[in-house]
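The values are calculated or read from the model by the stated rules, or taken from the named source; none is laboratory data. In this text, all values refer to a predicted model and were calculated from it rather than measured experimentally. Quick reminder, even Gly has a Cβ in these numbers, built from the backbone with ideal geometry, and neighbours come from all protein chains shown. Accessible surface areas use protein heavy atoms only, side chains included; no ligands, DNA or RNA. Shrake-Rupley method; radii C 1.70, N 1.55, O 1.52, S 1.80 Å.
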Amino acid sequence: MKQSVPTVLLAAMLALSVYSPQASAAVKGASVAGAMLPDRYLTCILGRSTNIDPGKPQTTADIISEGRHKFVLRLPPIPVHRGELPDPTDAPDPVDARTRVLLDADGLTTGVVLTFNRVVDLWPTRVEMLSAVVGSSWSRMIIIDPIDPAAGRAHLFMTRVRDAASMDLQHIYQGECTIADRLSTTAAR
């Protein structure tokens, strides 16, 4: 799952505007009545990216990460999204309270409300999530992309953002996740 860093950074900035051309194309094909996305648990090992330079081309292989942080996230079953993507100026759709960080043993999301106030779940194309940071003008942004359900793997990118043009380059975490339909006892530790 190799992806260029500018693609990751651009994707991160676009997430706040809740628009992705690839995701938009995927949504147009999602039209099966009553279709539901499955319950998904992502167990990730994230590292803090230490050398991201938005001014130069980098691949994920070029990024130096420090640390290994276990991070578990739940995406509950929800109806498949149909139609146009939501406008970022619209009030967000209600988010299922079961959509949450289940494990963050190293405190990567310290000070963050662990429930999300905006989620665009276009599984298996892409998932974009925003959560408010308590007592701050920062928000926590998570992007899950690419996703390979057949291999049971996904890439998770997480940072703090103020708006679509400003992200905190000192707090970028990314890594690989395994996907399961239930929480294993080892993932919960």
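Observations
- The set of residues in region 62-99 being part of a loop (DSSP other than H, G, I, E, B) and of a type in the set (Asp, Glu) consists of Glu84, Asp87, Asp90, Asp93, Asp96.
- Within region 132-159, tally of residues that are modelled with pLDDT under 85 and open to solvent by 40 Å² or more (accessible area, probe 1.4 Å): 6
- In region 108-121, residue modelled with the highest pLDDT [restricted to those that are open to solvent by 30 Å² or more (accessible area, probe 1.4 Å) and in a loop (DSSP other than H, G, I, E, B)]: Asn117
- Cross-chain or 6+ apart pairs with Cβ under 6 Å, region 154-182 first and within 23 Å of Ser136 (Cα to Cα) and among the charged types (D, E, K, R), then open to solvent by less than 30 Å² (accessible area, probe 1.4 Å) and outside any strand (DSSP E or B): Arg160/Asp168
- Neighbours by Cβ (under 6 Å, 6+ apart or cross-chain): first from region 35-58, in contact (Cβ under 8 Å) with a residue 60 or more places away in the chain; second of a type in the set (Phe, Trp, Tyr) and surrounded by 13 or more Cβ atoms within 10 Å (Cβ to Cβ): Leu37/Trp123; Cys44/Phe71; Leu46/Phe71; Leu46/Tyr173; Arg48/Tyr173
- Selection from region 40-60 of residues that are out of contact with any Ser or Thr (no Cβ under 7 Å at 6 or more places or on another chain) and among the basic types (Lys, Arg): Arg40, Lys56
- Count of region 53-79 residues which are β-branched (Val, Ile, Thr) and either in contact with a Leu (Cβ under 6 Å, 6 or more places away or on another chain) or open to solvent by 70 Å² or more (accessible area, probe 1.4 Å) (or both): 3
- Scanning region 9-45 for residues that are at pLDDT 60 or above, out of contact with any Leu (no Cβ under 7 Å at 6 or more places or on another chain) and surrounded by 15 or more Cβ atoms within 10 Å (Cβ to Cβ) gives Leu37, Asp39, Thr43, Ile45.
- Thr125 fulfils the conditions (1) hydroxyl-bearing (Ser, Thr, Tyr); (2) open to solvent by 30 Å² or more (accessible area, probe 1.4 Å); (3) modelled with pLDDT under 90 except for a single criterion, (3).
- The one condition in (1) among the polar types (S, T, N, Q); (2) under 14 Å from Thr43 (Cβ atoms); (3) at pLDDT 90 or above that Thr186 fails to fulfil: (3)
- Test: residue in region 87-101 that is touching a residue at least 60 places away in the same chain (Cβ under 8 Å), surrounded by 15 or more Cβ atoms within 10 Å (Cβ to Cβ) and of a type in the set (Lys, Arg): no
- A count restricted to region 87-108 and to residues that are within 21 Å of Gln170 (Cβ to Cβ) and in contact with a Lys or Arg (Cβ under 6 Å, 6 or more places away or on another chain) stands at 1.
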